[in-house]
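Values in this text are rule-based calculations from the coordinates and carry no lab data. Just so we're clear, the structure is a prediction, and the values are computed from it rather than from any experiment. Because the Cβ atoms are built from the backbone with ideal geometry, glycine has one as well, and the counts that use them run over all protein chains shown.
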Amino acid sequence: MPVVDLATVSIRDLNRALHNLPENTNETGWTICNPGGRHSIAAGVDAPIDIEIDGHVGYYCAGMNKHAEITINGNAGVGLAENMMSGIVRVKGDASQAAGATGQGGLLVIEGNASARCGISMKGIEIVVKGSIGPMSAFMAQAGSLVVLGDAGEALGDSIYEARLFVRGEVKSLGSDCEEKVIGDEERTILSGLLGRAGIDVSVDGFRLYGSARRLYHFHIDNAY
């Protein structure tokens, strides 16, 4: 099992080694030590491997992840798992702004809190946050699900398209064209599955669902200048 110490190895060399892994690699378990808040750690990984990062990471960790399962034993900076395609990214601490931004697929689990713009422009990614999220989260969210066990900040789901937002705590305010929805059997099944995949044993009964009111889908004369 490769162990990479970022006190002596550069991020460029680490990512090059990860990018060059063959499809049938037997080096499937990687440990990264001393990340020291550096940026772009394990970005662009395209292999079915497990990566454990022991410490805090900077910007864009696990960005564009595909297939890999990446665990961060610490906090993460801006843009965690940005444009993620598949696989699983889990941060044991808090995440800064824009976690999961533009994510196409896969599962992002944040065991602490997430700052502003969590899930901005998400396009199919599934995000589960054990704590709370900041303002403008799920702005222009197009597809996928955002599950929040804590509270949500201002303007949740502003200009949302067809993503699903499940919140167990309080919502400070809803953004433009976002409204509360009735949770049906299909939504309960989706929510239960996401909680199970994230390893969270709570009832789905305490959650509320938010989504698009679809008022911005069509031209309205009152919006003309």
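Things worth noting here:
- Anchor Lys123: lysines whose Cα lies under 22 Å away (excluding residues fewer than 8 positions away in-chain): Lys66, Lys181
- Separation of alpha-carbon centers, region 113-137 and region 141-158, rounded to whole Å: 6 Å
- Region 1-66-region 74-92 distance, computed between alpha-carbon centres (Å): 12 Å
- Total charge dipole magnitude, region 39-117, about the Cα centre, Cβ charges on Lys, Arg, Asp, Glu only, Debye to nearest 20: 220 debye
- Kirkwood hydrodynamic radius of region 109-181, from inverse mean 1/r over distinct Cα pairs, in Å: 11.3 Å
- Thr28 versus Gln104: modelled label distance in nm, points set 7 Å from Cα along the beta carbon direction: 2.4 nm
- Nonlocal amide H pairs with Leu165, under 5 Å, H built at 1.01 Å: Leu146, Tyr210
- Remark: relative contact order (region 92-225) = 17 percent; criterion is Cα-Cα distance under 8 angstrom and separation of 6 or more residues.
- Semi-axis lengths, Å, region 50-135, gyration tensor of Cα atoms, sqrt of 5 times eigenvalues: 15, 15, 10
- Each Cα pair under 8 Å and six or more residues apart adds its sequence gap; the mean of these over the residue count of the chain is a relative contact order of 10 percent.
- A straight Cα-to-Cα reach below 14 Å connects Lys92 with the aspartates and glutamates Glu52, Asp54, Glu69, Glu111, residues fewer than 8 places away in its own chain not being considered.
- The order of Ile125, Ile190, going from fewest to most other C-beta atoms within 10 Å of their C-beta, is Ile190, Ile125.
- Cβ crowding within 10 Å averaged over residues, with 171-177, 6-12 ranked highest first: 171-177, 6-12
- Dividing the mean sequence gap of close Cα pairs (under 8 Å, 6+ apart) by how many residues region 51-109 holds gives a relative contact order of 32 percent.
- Estimated dipole of the chain in Debye, rounded to 20 [Cβ of Lys and Arg +1, of Asp and Glu -1, Cα centre]: 260 debye
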